[in-house]
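Structure record follows, encoded as structure tokens.
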Amino acid sequence: MHRAGSASWQIGINRWSHAFDVALWFRAVERIEVPAGGIVPGPLDIGAVPEPSPDAGDPAELVPSWLGWWRALAEAPRRTPPFNPERRQGEAAFIPPDFTGLAEWPRLRQLVAGRWEDAYQWHTARKRAARGPAGRGDDRTGQVVADIERELGRKALPFSLDLVVLPVVDDEVRRLGGDRYLVPEAIADGPSWPSALRALVTPIA
């Protein structure tokens, strides 16, 4: 939220990051055993998991590559102006047509390129089927800040939070660094969201 004529707070909620979602899809589908911990969230909440690629090889060999992919996504700038269509930057480096962000891991890059369409169709279908607060509009975020301001007896200090909401089985909000966090959908859409958000906002408000 920005108030005219004054610096204010801002909470950005990115629910449909296909770059993050697709990376999680590949971890699940190719049976890449990377457990939750640190910036890595829990398993994808997907239901029936498709069969792995027939030419994927030993999934254990993909663990370092997938971790590198995930770390690179976590550290990628959200936007690098001015936009240069000839230089894929930020999350755009990890999507078609070139997957330049995966150049360091050619085997993984080949697998991702080969099954990108399947992953993206899953992502698109999930988005279309979305229900709950995400589809109707959720005013709890603003209400949490208003409650904190009332308790403080003043307006919140200017702050910024960037929240990436993911379809994962996890009970932890994970900090990527700076003002960026990964939030499981079950938390973002569930009754614990106000208290989870309060824990992020109160120290910086």
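The values are calculated or read from the model by the stated rules, or taken from the named source; none is laboratory data. All of these numbers come straight from a predicted model, not from anything done at the bench. Cβ sites come from the backbone with ideal geometry, for glycine too, and all protein chains shown count toward neighbours. Ligands, DNA and RNA are excluded from the accessible area calculation, which covers all protein heavy atoms including side chains. Shrake-Rupley method; radii C 1.70, N 1.55, O 1.52, S 1.80 Å.
Are any residues in region 16-40 open to solvent by less than 40 Å² (accessible area, probe 1.4 Å), in contact (Cβ under 8 Å) with a residue 24 or more places away in the chain and either of a type in the set (D, E, K, R) or under 16 Å from residue 126 (Cβ atoms) (or both), and if so, which ones? 17, 19, 20, 21, 22, 23, 24, 25, 26, 27, 29, 30, listed by residue number. The residues of region 175-187 that are open to solvent by less than 40 Å² (accessible area, probe 1.4 Å) and over 12 Å from the mean Cα position of the chain (by Cα), listed by number, are 177, 187. Pairing each residue of region 45-56 that is at pLDDT below 90 with any residue that is surrounded by 10 or more Cβ atoms within 10 Å (Cβ to Cβ), provided the two are 6+ apart or on different chains, yields C-beta distances under 7 Å for 56/30; 56/111.
Between 165, 169, the distinction of being surrounded by fewer than 19 Cβ atoms within 10 Å (Cβ to Cβ), under 16 Å from the mean Cα position of the chain (by Cα) and at pLDDT 90 or above belongs to 169 only.
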